[in-house]
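**Q** Can you keep this structure in mind? I'll have questions shortly.
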Number of protein chains: 2
Amino acid sequence: MTITLYERVGGSDDHRPSPFSWRARYALAHKGLAVDEHVPVKFHDKQIIAFSGQGLVPILVDGETVVHDSWSIALYLEEAYPERPSLFGGPHAQELTHFVNAWADQSLMPAVFPLVIADLHANIAEDDKAYFRETREQRLGRSIESFANDRAAFEANLAKVLAPLRARLADRPFVAGEEPAYADYIVFSILQFARCASPTPLLAADDPLRAYADRVSDLFDGMGASCRRLERLAA
Amino acid sequence: MTITLYERVGGSDDHRPSPFSWRARYALAHKGLAVDEHVPVKFHDKQIIAFSGQGLVPILVDGETVVHDSWSIALYLEEAYPERPSLFGGPHAQELTHFVNAWADQSLMPAVFPLVIADLHANIAEDDKAYFRETREQRLGRSIESFANDRAAFEANLAKVLAPLRARLADRPFVAGEEPAYADYIVFSILQFARCASPTPLLAADDPLRAYADRVSDLFDGMGASCRRLERLAA
């Protein structure tokens, strides 16, 4: 069967800021499933993905099956490929991974987003900027540039939001324990989003959470390395 | 074997505000283990628990075994009584339950505590108030009464912190899924702490999270009901 993954791209085809697309990438890699075709989708590229009946990436096309939404993709892969390494480690762990997903999307992402949105806007494709600005400013109720004024407050908020993750990772390499699982791809995806969006590191060089992000980035032959592009450019 | 549980009490022996003591209670009940003796421990009662080699409750004494710290007690019970209902649902779910534990302690508790601390102080035993005030004000760096000035900000912060829990519980009765597990006792314990500490409800009467707290409170023959005492007094 042919596997196609529709993913968000930013300023170039290897610049992939979407945390949700990264979750799908890592889920496929964890299952050992090769992607035959990666289709890059810019923010305003709605016609490319209209076949899925909705407007968001990632979208997985596995043979005749079309699945959108990163969590639904993970559930689909777990069910369709039960003989391959489990993304969750059983039904009870799957339930709790959904809590991690909710935490990442409802707490971590809102804490990270204000710190990188201006750089993200600066680094996406020129023909995507107007659409990105209009949709994001409408959703957030303020201008992209206005977030820079409150940077110190957003940094203080992020420090608070990260406290549970720090406690969890104090004595073990991964959120899922000794070995990585989908819970890690969820959490990593937000740190990866920041790394892709902005050359300003979210975390200090000696921060254990940065070492954690590197640990997940290094999995599957360093699959996450492309997002260090901006970091390298800034160095 | 004889099981003894050392638990925090507030203004009377059936007033138990400690979330950590509630976790131990529910863990024992989930395992179907009867507690032969509940030993009430006030905040300043350090000599009663000195035998454990540290100063915090809950403490479980199971025959010759002494275990303190609610998470360690849960791990001990899971290992010592493997034939009884699992608190986690397997090793992978146990790992992720530890993340829920970290979230409850590092995010939810700090968001709830400022909203109830003044009422908690008012409702504990008279001979406990000086110790409670001194230790808490030292830890928090401000007076117990000062929190009332920022109530609106603390309520807004709590609403943000609760967002992942709301998302998780939108389509299912328990954090752990269709059936409750230790992850629920963790989360519930903080909501129960608020209910025990203050007659002012943390959540609106029609809030789904209040229905969730009632759902866990009703388990094990309504074991959590004693904390509705203040709510009833205020009604």
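The values are calculated or read from the model by the stated rules, or taken from the named source; none is laboratory data. Worth saying up front: this structure is predicted, and the values here are computed from it rather than measured. Glycine gets a Cβ as well: all are built from the backbone with ideal geometry, and neighbour counts include every protein chain shown. Just the protein is used for accessible areas: all its heavy atoms, side chains included, with ligands, DNA and RNA removed. Shrake-Rupley method; radii C 1.70, N 1.55, O 1.52, S 1.80 Å.
**Q** I want to confirm something. Restricting to segment A:123-142 and keeping residues that are surrounded by fewer than 14 Cβ atoms within 10 Å (Cβ to Cβ) and small (Gly, Ala, Ser), which single residue is farthest from A:Pro17 (Cα to Cα)?
**A** Only one residue fits best here, namely A:Gly141.
**Q** Considering only residues that are open to solvent by 20 Å² or more (accessible area, probe 1.4 Å) and under 16 Å from B:Asp105 (Cα atoms), which ones fall in segment A:164-181?
**A** A:Arg166, A:Ala167, A:Leu169, A:Ala170
**Q** Right, A:Ala148: among the aliphatic types (A, V, I, L, M), away from every other protein chain (no Cβ under 14 Å), more than 19 Å from the chain's Cα centre (by Cα) and within 29 Å of A:Asp13 (Cβ to Cβ) or not?
**A** Considered against the rule, which asks whether it is among the aliphatic types (A, V, I, L, M), away from every other protein chain (no Cβ under 14 Å), more than 19 Å from the chain's Cα centre (by Cα) and within 29 Å of A:Asp13 (Cβ to Cβ), A:Ala148 comes out as yes.
Let's see how each residue does on (1) assigned by TED's automatic domain parsing to the domain that holds B:Leu202; (2) open to solvent by 20 Å² or more (accessible area, probe 1.4 Å); (3) touching a Pro at 6+ places or on another chain (Cβ under 6 Å); (4) on the phi < 0 side of the Ramachandran plot:
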{"position": "B:Val35", "(1), (2), (3), (4)": "no, yes, no, yes"}
{"position": "B:Ala50", "(1), (2), (3), (4)": "no, yes, no, yes"}
{"position": "B:Pro58", "(1), (2), (3), (4)": "no, no, no, yes"}
{"position": "B:Gly63", "(1), (2), (3), (4)": "no, yes, no, no"}
{"position": "B:Tyr76", "(1), (2), (3), (4)": "no, yes, no, yes"}
{"position": "B:Thr97", "(1), (2), (3), (4)": "yes, no, no, yes"}
{"position": "B:Val112", "(1), (2), (3), (4)": "yes, no, no, yes"}
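**Q** Right, something else. Can you find a residue that is out of contact with any Pro (no Cβ under 7 Å at 6 or more places or on another chain) and under 24 Å from A:Gly89 (Cβ atoms) anywhere in segment B:151-164?
**A** Taking every residue of segment B:151-164 in turn, at least one turns out to be out of contact with any Pro (no Cβ under 7 Å at 6 or more places or on another chain) and under 24 Å from A:Gly89 (Cβ atoms).
**Q** Mind checking which residues of segment B:37-48 are in contact (Cβ under 8 Å) with a residue 24 or more places away in the chain, open to solvent by 30 Å² or more (accessible area, probe 1.4 Å) and part of a loop (DSSP other than H, G, I, E, B)?
**A** Of everything in segment B:37-48, those that are in contact (Cβ under 8 Å) with a residue 24 or more places away in the chain, open to solvent by 30 Å² or more (accessible area, probe 1.4 Å) and part of a loop (DSSP other than H, G, I, E, B) turn out to be B:Lys42, B:His44, B:Ile48.
**Q** Can I ask one more? Here is a check on your reading of the model: is B:Trp71 open to solvent by less than 50 Å² (accessible area, probe 1.4 Å) and not assigned by TED's automatic domain parsing to the domain that holds B:Pro180?
**A** Yes.
**Q** How many residues are assigned to a helix (DSSP H, G or I), surrounded by 16 or more Cβ atoms within 10 Å (Cβ to Cβ) and more than 7 Å from chain B (Cβ to nearest Cβ) when one looks only at segment A:81-95?
**A** The total comes to 1.
**Q** Could you count how many residues in segment B:171-197 are more than 16 Å from the chain's Cα centre (by Cα) and more than 9 Å from chain A (Cβ to nearest Cβ)?
**A** Residues meeting the conditions: 3.
**Q** Separate question: Yes or no: segment B:89-101 includes at least one residue that is touching a strand residue (DSSP E or B) at 6+ places or on another chain (Cβ under 8 Å) and in contact (Cβ under 8 Å) with a residue 40 or more places away in the chain.
**A** No.
**Q** Inspect all residues belonging to segment A:13-25 and state whether any of them is in a loop (DSSP other than H, G, I, E, B), acidic (Asp, Glu), at pLDDT 95 or above and not assigned by TED's automatic domain parsing to the domain that holds A:Arg195.
**A** Within segment A:13-25, not a single residue is in a loop (DSSP other than H, G, I, E, B), acidic (Asp, Glu), at pLDDT 95 or above and not assigned by TED's automatic domain parsing to the domain that holds A:Arg195.
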